[in-house]
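Bear in mind that the values in this text are calculations on the coordinates, not laboratory data. These figures come from a predicted structure and were not determined experimentally. We place every Cβ from the backbone using ideal geometry, glycine too, and count neighbours over all the protein chains shown.
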């Protein structure tokens with residue numbers, strides 16, 4: 001039995017293996033279920049939802065084709081983090097990207 005307590009309470013769940021069929025079963029774990037499982041001796045595993053997952057998202061979801069097109073465009077313009085020419089060269093490369101692509105590049109820079 002696995003009890004996962006999430007920083008967003010509604011996302012908590014528990015998982016167990018069905019003794020009849022051997023399948024892994026996942027169920028939501030509201031507060032009452034979490035309390036009962038802990039009283040029964042189940043040690044909870046805590047996990048934090050990344051803050052990005054809690055941000056409001058506007059617009060249509062990104063499609064697989066858009067991700068592929070973005071990857072191909074990045075290959076065409078080169079990596080603005082490693083290309084020669086310093087900051088001016090990097091700015092010219094980023095100027096050739098769409099606003100969304102430039103945002104992704106900015107996020108990639110922050111994560112390094």
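How many nm separate the modelled label positions at residue 76 and residue 54, each set 7 Å beyond the Cα in the direction of the Cβ? The two pseudo-label positions are separated by 3.9 nm. Return, ordered by residue number, the residues of the stretch 38-55 whose backbone nitrogen is under 13 Å from a label point located 7 Å along Cα→Cβ of residue 7. Label zone hits: 46-55.
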